[in-house]
Amino acid sequence: LDPKRIRIRLISSTPRILAGLPEQLSKDVHAYLEKLGIEIYCNELVTEVRKTEVITKSGKTFPAIATVWAGGIKAPDFLARMGLETNKLNQIVVNECLQSTLDSNIYAIGDCAAAHWYGQEPDVLVPPRAQAAHQEAGLLAKNIVGILKGRPLRPYRYRDFGSLVSLGKNQALGTLLGPGRSRLKVQGVLARLMYWSLHQRHLIAIHGYLRTSLKLLSNLIARPAIPRIKLH
C-alpha cells in the first residue's frame, strides 16, 4: 500500500478519540496518528454509510472506497426485555456487589453491566475495559463461594492500573499507575512488550498455561506464512 495514494480518515462522534481513556493518552495517540498522516475528525456523528461515501450529522460527506465501522459498546437488545433495570446501552444496572437492582439473585459483569465507579462523580460508570471485567469476574467468583458459605458479599471497587494502546507492530503508548497513584508514561517497544504480555495474561486466565504456550509456539512457527494484512 502506497501511503501517498491512500487517505485514511478517522471519524468519531466523541469530543476526542479514545474518550474512555485518560485525556493525555488520548492527546498522545491523536498526535501520533496525525504524524502518520491520518486525518482525525471529532464531534462528527456518522448518520449514513453509502457505497462510496460516509455522511455525518453536520452534513459533511467523506468519499470512501472502504469503510471500517467500530460502533462502540452496546449490550444485546434482549437484556432490555428481561424485566431488569437497564440503561440506554441495554446494560444491566447493578449495585456495588454487582447484583441487578431489581433482582438480587441476578449478577452482571463486563460490558453488559452498568456499575458505578465509586470515588468518581455519581454518573460515572466503570469503563467497559478488559481489566474492569477481569476484576469483576474475580470478585464475583469469591462472592459466589462466600454465599455458599454464608458470608456477606464483598463490594466491587474498580482499580484503574493504567492503559495501553497498540498502534502497530512495534509501537504502543500508555500510562501506568505509579507510586502514590501517579501516572507513568510508557511508549515505544517497552509499551508494546507490556501490551503483548498483558494480552498473554488474559489468554492464560482463560485457557491456562499449557494451551496458551502451545498457541504461542504455533504462532511463532506459522508467522512467516501469515500475511501482514488480511481483508475479508
Given a cut-off of under 8 Å on Cα pairs at least six residues apart, what relative contact order in percent is computed for the chain?
-> 9
Shape call, the range 71-228: gyration tensor on alpha carbons, a/c limit 1.5 = prolate
Give the accessible area for R159 in Å² (nearest 10); use a 1.4 Å probe, count only protein heavy atoms, and leave out ligands, DNA and RNA.
-> 130
For the chain: accessible area per residue (Å², 1.4 Å) = 70
Take every Cα-Cα distance within the range 1-65, group them into 10 Å bins from 0 onward, and report for each bin the whole-number percent of pairs it holds.
-> 20, 45, 32, 3
Answer with one residue from I106, T56, N87: the one whose Cα lies farthest towards the positive end of the charge dipole of the range 1-123, charges on Cβ with Lys, Arg +1 and Asp, Glu -1.
-> T56
Checked the range 33-74 against the a/c 1.5 cut and the a/b vs b/c comparison, axes a ≥ b ≥ c from its Cα gyration tensor; verdict rounded
First check a/c for the range 20-128, with a ≥ b ≥ c the square roots of the eigenvalues of its C-alpha gyration tensor; if it is under 1.5, answer rounded, and if not, answer prolate when a/b is larger than b/c or oblate otherwise.
-> oblate
Could you give the size of the charge dipole of the range 1-160 about its Cα centre, using +1 on the Cβ of each K and R and -1 on the Cβ of each D and E, expressed in debye and rounded to the nearest 20?
-> 340
Pick out, from L198, H116, A222, the residue whose Cα sits farthest towards the positive end of the charge dipole of the range 94-232, with +1 on the Cβ of Lys and Arg and -1 on the Cβ of Asp and Glu.
-> A222
For the range 23-85 the mean separation of alpha carbon contacts under 8 Å (6+ apart) over residue count, i.e. relative contact order in percent, is 16
Would you mind checking the pairs K27/K57; K27/K215; K4/K60; K88/K149; K35/K60 and listing those with alpha carbons more than 27 angstrom apart?
-> K27/K215; K88/K149
To the nearest 0.05, the calculated FRET efficiency linking T61 and I106 through their beta-carbon distance, R0 being 35 Å, is 0.15
At a 1.4 Å probe, what is the % contribution of carbon and sulfur to the accessible area of the chain?
-> 58
If ligands, DNA and RNA are left out, what is the accessible area of T52 with a 1.4 Å probe, given in Å² to the nearest 10?
-> 90
Relative contact order of the range 18-136, pairs being alpha-carbon contacts under 8 Å that are 6 or more residues apart, as % = 13
Contour minus Cα-Cα distance for C42 and S13 (0.36 nm per residue) = 9.8 nm
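The values are calculated or read from the model by the stated rules, or taken from the named source; none is laboratory data. All figures in this text were calculated on a predicted structure; none of them were measured in a lab. Counting neighbours? That spans all protein chains shown, and the Cβs are built from the backbone with ideal geometry, glycine included. Protein only, heavy atoms only, side chains kept; ligands, DNA and RNA dropped before computing areas. Shrake-Rupley method; radii C 1.70, N 1.55, O 1.52, S 1.80 Å.
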